[in-house]
Amino acid sequence: MVELVPLPLVLAANWFVGKPWGERAAAMLAGFTALLLGLFGVFDMAGMPVLTSAGLTAQARFGVDAGTVVTAFAAAGFIFKPIRRDLSAILPIDPDSPVHLMALVLCAILLGTQVTSIAFTDVLAANNAQPPLSVLDLFEDELPFLIVAIAGVGLLIRRNAPASFERLGIVTPKWWHITLALAAAGIFYAFAAQMDGLSHGFTPQIAHRVDATTQHLFGQLNTPLGIAALALLPGLCEEILFRGALQPRIGIIATAVLFASIHTEYGLSLDTLAVLVIAVGLGLIRKYTNTTTSCTCHVSYNLLVGVGVSGLALDGAIAAELVLVAVTGYAVWSLRRRTAPSP
């Protein structure tokens, strides 16, 4: 579970909160992490294979090494309080918080390493080289997102369970939140289908490779249990980390870019752009409702993708979508009318 590597850093940063030396300790720990990453890149560039896999060309290897070093420098920049203070003018972060400091550094490392990998390596071939995913594999891949999210908000360290759930946006949804989630899932599904059609029309070679990769990775999950796992596990775990824990601090766009970067099974394709747009949509749902609603939307979207909609079912789905959109629109209009100030 490589996703759990940041967990000790996240736990330490939470423990540092309130300590007079907490910010300095977090800066030192984050700085050491960035330095270690940068040294890996430098050593690999010097001929010591500590980062990249075999089979890369010299140019690709240099790109990965240089990208790693650049990522380390970019992440290290957040150690300096003036940079965090300037950033706090546009993002709701506390420049004095050890947790926010560590979150910024870790997010920069994740984004930089993911972008480097996508830009300079054949991520589709790498995914095809992996064994097909089982339900257990999916559980092991997704659970760390949930663990890091819960640790990140300081459960049992600086927040109790109710406060942690509130911070993550996990609340009881209103009825129209559910209809909104279902309506948005249908819209996202239709949008993704159109983007997939454009991908096959304009970049057929890449589209066929993406199809082959996704079929290879998820083909064994084409069972009722597998489809349920594909809907629930990413829909819950990823939403709670990205929309629940990270978005309130780093914003919708940065969270969406980070979210899209972890979906390497799509490589550099229009499908990745679709993931980015859908991530922005999920972010807006989180902003104006809560994480429970964005989870419901994500799970519903994944379920639609897993089951597929065609033939007579498509006509029923379109009719249901129109009803959901109308009901949700009326609910939002009614709510805005009731809360509008009297003239």
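Values quoted throughout were computed directly from the atomic coordinates according to the rules given, and no laboratory measurement underlies them. These numbers come from a predicted model, not from an experiment. Note that we place each Cβ from the backbone using ideal geometry, even for glycine, and neighbour counts take in every protein chain shown.
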- Taking Lys and Arg as +1 and Asp and Glu as -1, residues besides Asp271 with C-beta under 12 Å from its C-beta add up to -2
- For the chain, averaging the sequence separation of alpha carbon pairs under 8 Å that lie six or more residues apart and dividing by its residue count, the contact order in percent is 21 percent
- Of Ala190, Ala319, Ala108, which has the largest mean-square fluctuation in a 10 Å C-alpha GNM of the chain? Ala319
- Footprinting exposure proxy for Cys237, Cys107, Cys297 (fewest neighbouring C-beta atoms within 10 Å first): Cys107, Cys237, Cys297
- Once fully extended, how much extra length lies between Arg24 and Leu87, figured as 0.36 nm per residue of separation less the alpha-carbon to alpha-carbon distance? 20.8 nm
- Computed over the range 170-343: relative contact order in percent, which uses C-alpha pairs under 8 Å that are six or more apart: 40 percent
- Item | Distance from the range 128-182 to the range 200-216 (C-alpha centre basis), Å | 30 Å
